[in-house]
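To start, the structure itself, in structure tokens.
We did not get these values from a lab; they are worked out from the coordinates using the rules stated. Note that the coordinates shown come from a computational prediction; the quantities given were computed from them, not determined experimentally. We place every Cβ from the backbone using ideal geometry, glycine too, and count neighbours over all the protein chains shown.
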Amino acid sequence: MSDAFAAKLKQRRRRRWIRVLLAVLVLALIGTGVWAVWFSGLLVAQKVRVTGLEHLTEEQVLQAADVPLGAPLARLDTEAVQQRVRELVPVRRADVSRSWPETVVITVTERSPAAWISRDNRPWEVDAEGVIFLPVDSPEAGLPELRVDAEDADTVAAAARVAHDLRDTDPALAAQVAAIGAETQDSVELALLDGRTVVWGSATDPGAKIRVLKVLLDVPAGVYDVSVPTRPTTRD
């Protein structure tokens with residue numbers, strides 16, 4: 001074997017060992033990283049930060065969230081935490097994220113009232129989906145009362161949807177509504193502040209009904225029927 005060939009073979013062996021050592025080093029670094037993130041006590045949940053609260057307290061959210069402090073942050077089941085927080089009735093949406101190296105962030109979006117309803121001899125706020133979510137000492141100014149059976153979820157939802165659509169589409173018209181009543185989800189009626197009544201029907205076609213009603217209210221009458229907006233009627 002020539003000296004040149006032996007030197008070349010030795011160089012190849014050295015390169016092979018360098019590649020092996022580099023591979024081992026990379027695997028060790030990856031393993032250390034996985035251990036540090038998933039199994040060690042270096043990156044664990046130590047704090048919970050809650051944002052977006054208006055009516056709920058931080059204590060209520062933390063109790064519902066039940067975040068396992070001391071567990072590796074990477075292994076936190078954020079979906080489970082979100083689901084637990086969403087079970088709080090005033091919560092419309094909850095998002096849970098990790099803020100490395102030690103914090104769990106819970107962002108809460110609470111329900112907004114579209115109307116109020118009397119239940120258990122006190123006013124409760126109701127959102128646009130008909131969820132009765134918050135007892136209050138007195139209703140928020142400008143919210144209409146829902147004069148419906150609080151236990152009839154479908155009818156409450158229909159009346160609340162009408163309240164929301166009115167306020168969202170035409171706040172000036174919504175401000176004229178004192179109360180919204182209904183025996184069923186298809187028999188919604190508006191009681192105006194001046195004593196007039198609007199037969200609304202179901203919660204469908206709100207845009208068409210609002211456009212027709214704004215014109216119809218200029219006609220002297222006691223009752224305005226826009227339940228079929230293509231064939232509105234009035235009567236004393």
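Report ³J(HN,Hα) in whole Hz for each residue of the stretch 199-215, in order, from the Karplus equation J = 6.51 cos²θ - 1.76 cosθ + 1.60 where θ = phi - 60°; Gly and Pro get x.
7, 9, x, 7, 7, 7, 6, x, x, 5, 5, 5, 4, 5, 5, 4, 6
Pull up all non-local amide H partners of Val44: gap of 5 or more, or a different chain, and H-to-H distance under 5 Å with H placed in the peptide plane.
Long-range HN contacts for Val44: Leu73.
For each of His164, His55, count neighbouring Cβ atoms within 10 Å of the residue's Cβ, then give the residues from fewest to most.
Ranked by crowding around the Cβ, least crowded first: His55, His164.
Name the residues whose placed amide hydrogens come within less than 5 Å of the amide hydrogen of Ala179, ignoring near sequence neighbours (fewer than 5 apart) on the same chain.
Glu145, Ala191
Cβ under 9 Å from Asp225's Cβ, Asp225 left aside: what net charge do those residues give with Lys, Arg +1 and Asp, Glu -1?
+2
Can you list the residues, at least 5 places off or on another chain, whose amide H is less than 5 Å from the amide H of Arg92, using H built in the peptide plane?
Placed amide hydrogens put Thr109, Glu110, Arg111 under 5 Å from Arg92.
Could you run the Karplus curve 6.51 cos²θ - 1.76 cosθ + 1.60 with θ = phi - 60° over the stretch 50-63 and give me ³J(HN,Hα) per residue in whole Hz, x for Gly and Pro?
For the stretch 50-63, the Karplus curve yields 10, 10, x, 7, 10, 10, 6, 9, 4, 4, 4, 5, 4, 5 Hz.
Would you compute the Debye intensity of the stretch 47-205 from its alpha-carbon atoms alone, equal scatterers and no solvent, and pass along log10 I(q)/I(0) at q = 0.14, 0.16, 0.17 Å⁻¹ to two decimals?
Here the Debye-derived log intensity ratios amount to -0.73, -0.85, -0.91.
From the phi angles alone, apply the Karplus equation (6.51, -1.76, 1.60; θ = phi - 60°) to the stretch 131-139 and give each ³J(HN,Hα) in whole Hz, x where the residue is Gly or Pro.
Once θ is set to phi - 60°, the couplings for the stretch 131-139 become 7, 7, 10, 8, x, 9, 6, 8, x Hz.
Which net charge results for the neighbourhood of Asp205, defined as the other residues with beta-carbon distances under 11 angstrom from its beta-carbon, given Lys and Arg at +1 and Asp and Glu at -1?
Counting the neighbours of Asp205, the net charge comes to +1.
Run the numbers on the stretch 47-110 and let me know its relative contact order in percent, using alpha-carbon pairs under 8 Å that are six or more apart. Spell out each step's value before the answer.
Values: 95 pairs, mean separation 27.6, N = 64.
Relative contact order here is 43 percent.
Over the stretch 115-235, what is the mean sequence separation of C-alpha contacts under 8 Å (at least six apart), divided by residue count, expressed as relative contact order in percent?
Averaging sequence separation for qualifying contacts and normalising by length gives 17 percent for the stretch 115-235.
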